[in-house]
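Novice: Provided herewith is a single structure, encoded as structure tokens, for subsequent inquiry.
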Amino acid sequence: MSLACQIHSTNETGKPWLVFLHGLLGSGEDWQPVLPYCQQWPCMTIDLPGHGDSVSQITPSFEDTCVQLRETLQQQGIERYWLIGYSLGSRIAMYFASQGGNSGLQGVIIEGGHPGLTEEAEREARLNHDSLWAERFRAFPLADTLEQWYQQPVFTDLTAQQRQTLVALRGRNSGKAIASMLMATSLSKQPFLWPILQKTALPLVWLCGEHDNKFQQLAQHFALPLRSIANAGHNAHRANPAGFASQLISFISSPR
């Protein structure tokens, strides 16, 4: 079953499509600030399972999510494309790229994306972490859970006003749908993808806000191909859409 999507600029230059995948709790609308800077490229945003207009669609796994993504691309007649993902969306994009058989995929742009855990103890801890959050999303009022969600260390760059804005924005979600997607695509269930991706020869880049300490450190630890976004934390495309788009267009336009 294909996913809800929205076509944006559709120029006839023959360039590959830019296909945008949002993070947990988001939707395709999250990419609106970036799209004006990408008008020379055909663009499509997708609502992942359990989100936006795909809220009624469920998925049990990364593999099934990638099947839905592939069906969406085929339904829209998109044959050549870049995947641009944020957080959860970037992990789905990496998994998709790691599976092979995607001849039209030109490369992957990863924003705030974790390449995967390498130790079993880390996986167990992350499964417990995500299970507790999933239970909160199922059992408690969404606004209360979101208040706690945005207090996590990865969001330390947010101001109090920015947190409140996100709580209000993300309050449109279904807590049960978010819980289902969180468990289906938990980092604990994701393979360590970087060694696999290195063998694909696909162009790859990690875009990371300069103030996103956790993911800056991850990039350094795994020697990931990193480009930093100025004046931004974890959600760099929201904090600095012009800077994000500039790095994105620079990368995909580079001679190869």
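Novice: What pairs come out if I take residues in segment 210-221 that are without any contact (Cβ under 8 Å) to a residue 24 or more places away in the chain and pair them with residues that are small (Gly, Ala, Ser) and crowded, with 16+ Cβ neighbours inside 10 Å whose C-beta lies under 6 Å away, six or more apart or interchain?
Specialist: GLU210/SER228
Novice: If you take the residues of segment 43-58 that are among the hydrophobic types (A, V, I, L, M, F, W, C) and open to solvent by 10 Å² or more (accessible area, probe 1.4 Å), which of them is modelled with the lowest pLDDT?
Specialist: Among those residues, the one meeting the criterion is ILE58.
Novice: Looking only at segment 144-161, which residues are part of a helix (DSSP H, G or I), in contact with a Lys or Arg (Cβ under 9 Å, 6 or more places away or on another chain) and open to solvent by 50 Å² or more (accessible area, probe 1.4 Å)?
Specialist: Of everything in segment 144-161, those that are part of a helix (DSSP H, G or I), in contact with a Lys or Arg (Cβ under 9 Å, 6 or more places away or on another chain) and open to solvent by 50 Å² or more (accessible area, probe 1.4 Å) turn out to be ASP144, GLU147, GLN148, PRO153.
Novice: Could you list, in sequence order, the residues of segment 208-241 that are under 18 Å from the mean Cα position of the chain (by Cα), part of a helix (DSSP H, G or I) and not polar (S, T, N, Q)?
Specialist: Hits for segment 208-241 are LYS214, PHE215, LEU218, ALA219, ALA236, HIS237, ARG238, ALA239, PRO241.
Novice: Can LYS176 be described as touching a Ser or Thr at 6+ places or on another chain (Cβ under 8 Å), at pLDDT 95 or above and under 25 Å from GLY50 (Cβ atoms)?
Specialist: Criteria not met by LYS176.
Novice: Go through segment 95-115 and give me each residue that's within 17 Å of THR65 (Cα to Cα) and either in a loop (DSSP other than H, G, I, E, B) or touching a His at 6+ places or on another chain (Cβ under 6 Å) (or both).
Specialist: GLN99, GLY100, GLY101, ASN102, GLY113
Novice: Quick test for you: out of ILE78, ILE92, ILE84, ILE178, pick the one residue that is among the β-branched types (Val, Ile, Thr), buried (at least 20 other Cβ atoms within 10 Å of the Cβ) and not in a helix (DSSP H, G or I).
Specialist: Just a single option satisfies the conditions, and that option is ILE84.
The values are calculated or read from the model by the stated rules, or taken from the named source; none is laboratory data. If you're wondering where the values come from, they're calculated on a predicted model, not measured in any experiment. Note that we place each Cβ from the backbone using ideal geometry, even for glycine, and neighbour counts take in every protein chain shown. What goes into the accessible areas is simple: the full protein's heavy atoms, side chains included, and nothing from ligands, DNA or RNA. Shrake-Rupley method; radii C 1.70, N 1.55, O 1.52, S 1.80 Å.
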